[in-house]
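Participant: The structure follows.
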Amino acid sequence: MISENRVSVELKGLRKVYGTAVALDNFSLDIAPGELVALLGPSGCGKTTALRILAGLDTDHEGQIIINGKDIASIPANKRNMGMVFQAYSLFPTMTVLENVAYGLRVRKVDREKRNKKAQELLDLVGLGEMGARLGHQLSGGQQQRVALARALAIQPNVLLLDEPLSALDAQVRTQLRDEIKRIQIEVGTTTLFVTHDQEEAMAIADRVGVMRHGVLEQCAPPQEVYLNPATVKVAKFVGAMNLMPVEILSSSSVSIYGQSVALREGGNVAGTMALVRPEQLSLALAKTQGRASATVFNLTFLGPLTRISVRMTGDARTLFVSMPSSAALEFVAGSLVDVRVLATSVLLDA
């Protein structure tokens with residue numbers, strides 16, 4: 001069931017101000033046909049504002065909204081052919097599941113037989129093919145959100161807009177539905193903008209992740225690149241856990257971190273006092289000589305396949321976090337004297 005409306009999206013120079021607060025500041029984003037882009041950021045960063053502007057729900061803004069080369073900024077929301085799924089399920093309580101999914105087609109005057117056939121196809125797609133006769137309140141939260149997704153897809157939207165659709169669900173259902181949304185989006189091929197504050201969610205579902213801070217798009221790249229090669233210090237600090245480790249500048253291209261020489265990330269800041277190092281970019285070894293131990297283990301947090309180990313450095317009492325496979329962490333206990341090594345081949349410096 002491939003979408004007939006595989007469109008490109010260009011948001012150019014969007015600016016939105018609420019009073020004196022700048023919600024979006026020269027925000028630009030391209031989405032390729034059939035691509036799923038996630039906007040990731042904390043509350044108030046402007047991600048939902050960008051989605052609302054694309055949907056036509058917020059028209060008081062500067063900038064262009066271009067779909068397949070045509071500026072649609074002057075087109076009202078009900079003429080933009082956007083499908084939306086919100087955090088709240090928003091099903092019509094007196095309609096059956098099938099009627100909910102078919103509602104958009106009903107509004108568009110599609111005859112009953114065709115719209116019900118389409119609705120049934122979509123219910124089959126989201127795994128609810130046998131539940132068309134039920135009412136919304138007879139479904140679980142995850143099932144209701146599947147119905148909302150099917151309803152949004154029924155009109156064959158130009159763009160599918162998902163505004164934190166999983167945040168009201170419990171963890172296990174959230175993970176399952178996240179994977180289902182990705183499967184369905186690939187199968188249908190609809191160009192999609194997904195808004196979330198959940199880092200794991202964005203990384204798992206998106207073709208590209210756009211990281212936003214204070215109305216600015218700091219970086220938009222594949223998930224692996226955002227995590228492994230953050231474009232800015234702000235991205236590095238926001239995405240994933242990060243240690244701040246004191247450095248000594250050796251040259252314009254390298255620093256010393258607790259006596260270990262490490263290259264500076266190309267294009268990064270060359271004047272700073274702290275390096276940004278992820279917990280998995282550190283390793284531990286039991287100290288062979290007590291007097292040479294560089295740190296002491298004071299806590300171990302078991303996280304299933306991984307264990308996070310907290311250590312306190314001997315010289316400056318700085319706390320660092322080290323992540324490693326749980327099988328490798330078995331030799332460490334609280335009080336273990338350890339040597340800490342930096343595995344990162346290059347680092348960013350905090351400004």
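Participant: Would the range 159-170 turn up any residue that is over 24 Å from the mean Cα position of the chain (by Cα) and modelled with pLDDT under 95? Don't jump to the end; show me each part of the working.
Facilitator: Restricting attention to the range 159-170, the residues satisfying the condition of being over 24 Å from the mean Cα position of the chain (by Cα) are none.
The answer is no, given that none of the residues of the range 159-170 is over 24 Å from the mean Cα position of the chain (by Cα) and modelled with pLDDT under 95.
Participant: Might you check whether a residue that is at pLDDT below 90 and touching a Ser or Thr at 6+ places or on another chain (Cβ under 9 Å) occurs anywhere in the range 270-278?
Facilitator: Within the range 270-278, one or more residues are at pLDDT below 90 and touching a Ser or Thr at 6+ places or on another chain (Cβ under 9 Å).
Participant: Then there's this: From Ala154, Ala202, which residue is of a type in the set (A, V, I, L, M, F, W, C), under 22 Å from Asn78 (Cα atoms) and either modelled with pLDDT of 95 or more or more than 17 Å from the chain's Cα centre (by Cα) (or both)? Write out each step before concluding.
Facilitator: On the way: Ala202 fails: under 22 Å from Asn78 (Cα atoms).
Just one listed residue meets the conditions, Ala154.
Participant: One residue is enough: does the range 94-112 have a residue meeting the conditions touching a Phe, Trp or Tyr at 6+ places or on another chain (Cβ under 8 Å) and in a loop (DSSP other than H, G, I, E, B)? So that I can check it myself, show each step before the final result.
Facilitator: First, the residues of the range 94-112 that are touching a Phe, Trp or Tyr at 6+ places or on another chain (Cβ under 8 Å): 95, 99-100, 103.
In the following step, the residues that additionally are in a loop (DSSP other than H, G, I, E, B) were identified as 95.
Within the range 94-112, one or more residues are touching a Phe, Trp or Tyr at 6+ places or on another chain (Cβ under 8 Å) and in a loop (DSSP other than H, G, I, E, B).
Participant: Out of Leu29, Leu14, Leu54, report the one residue that is of a type outside the set (Lys, Arg), in a helix (DSSP H, G or I) and assigned by TED's automatic domain parsing to the domain that holds Met131.
Facilitator: Details: Leu29 fails: in a helix (DSSP H, G or I); Leu14 fails: in a helix (DSSP H, G or I).
That would be Leu54, the only listed residue that is of a type outside the set (Lys, Arg), in a helix (DSSP H, G or I) and assigned by TED's automatic domain parsing to the domain that holds Met131.
Participant: Does Pro42 meet the test of being out of contact with any Asp or Glu (no Cβ under 7 Å at 6 or more places or on another chain), in contact (Cβ under 8 Å) with a residue 40 or more places away in the chain, within 27 Å of Met203 (Cα to Cα) and assigned to a loop (DSSP other than H, G, I, E, B)? Working first, answer last.
Facilitator: Working: out of contact with any Asp or Glu (no Cβ under 7 Å at 6 or more places or on another chain): yes; in contact (Cβ under 8 Å) with a residue 40 or more places away in the chain: yes; within 27 Å of Met203 (Cα to Cα): yes; assigned to a loop (DSSP other than H, G, I, E, B): yes.
It is true that Pro42 is out of contact with any Asp or Glu (no Cβ under 7 Å at 6 or more places or on another chain), in contact (Cβ under 8 Å) with a residue 40 or more places away in the chain, within 27 Å of Met203 (Cα to Cα) and assigned to a loop (DSSP other than H, G, I, E, B).
Participant: Then there is this: Given the criterion in contact with a Leu (Cβ under 6 Å, 6 or more places away or on another chain), within 22 Å of Glu10 (Cβ to Cβ) and not in a helix (DSSP H, G or I), identify the matching residue among Gly129, Gly210. Steps first, answer last, please.
Facilitator: Details: Gly129 fails: within 22 Å of Glu10 (Cβ to Cβ).
Residue meeting the stated conditions: Gly210.
Participant: Can you pull out the residues in the range 250-268 that are under 32 Å from the mean Cα position of the chain (by Cα) and loosely packed, with under 14 Cβ neighbours inside 10 Å?
Facilitator: The answer is Ser253, Glu266, Gly267.
Participant: Another question, then. Can you confirm whether the range 18-31 contains a residue that is surrounded by fewer than 21 Cβ atoms within 10 Å (Cβ to Cβ), free of Cβ contacts under 8 Å to residues at least 12 places away in the same chain and small (Gly, Ala, Ser)? Don't jump to the end; show me each part of the working.
Facilitator: Within the range 18-31, the subset surrounded by fewer than 21 Cβ atoms within 10 Å (Cβ to Cβ) is 18-22, 25-26, 28-30.
From what is left, the residues that are free of Cβ contacts under 8 Å to residues at least 12 places away in the same chain are 18-21.
Filter once more, keeping what is small (Gly, Ala, Ser): 19, 21.
Yes, that holds for at least one residue.
Participant: Every residue in the range 260-302 that is free of Cβ contacts under 8 Å to residues at least 40 places away in the same chain, closer than 23 Å to Val233 by Cα and touching a strand residue (DSSP E or B) at 6+ places or on another chain (Cβ under 9 Å), please.
Facilitator: Within the range 260-302, Ser261 is the sole residue that qualifies.
Participant: Exactly one of these conditions fails for Glu121: (1) surrounded by fewer than 18 Cβ atoms within 10 Å (Cβ to Cβ); (2) not in a helix (DSSP H, G or I). Give me its number.
Facilitator: Only one criterion is unmet by Glu121, namely (2).
Participant: While we're here: Check Arg312, Arg278, Arg341 and return the single one that is surrounded by 19 or more Cβ atoms within 10 Å (Cβ to Cβ) and not assigned by TED's automatic domain parsing to the domain that holds Leu228.
Facilitator: Arg278
The values are calculated or read from the model by the stated rules, or taken from the named source; none is laboratory data. None of the values given here were measured: they were computed from a predicted structure. Neighbour counts are summed over all protein chains in view; Cβ atoms, including those assigned to glycine, are modelled from backbone coordinates with ideal geometry.
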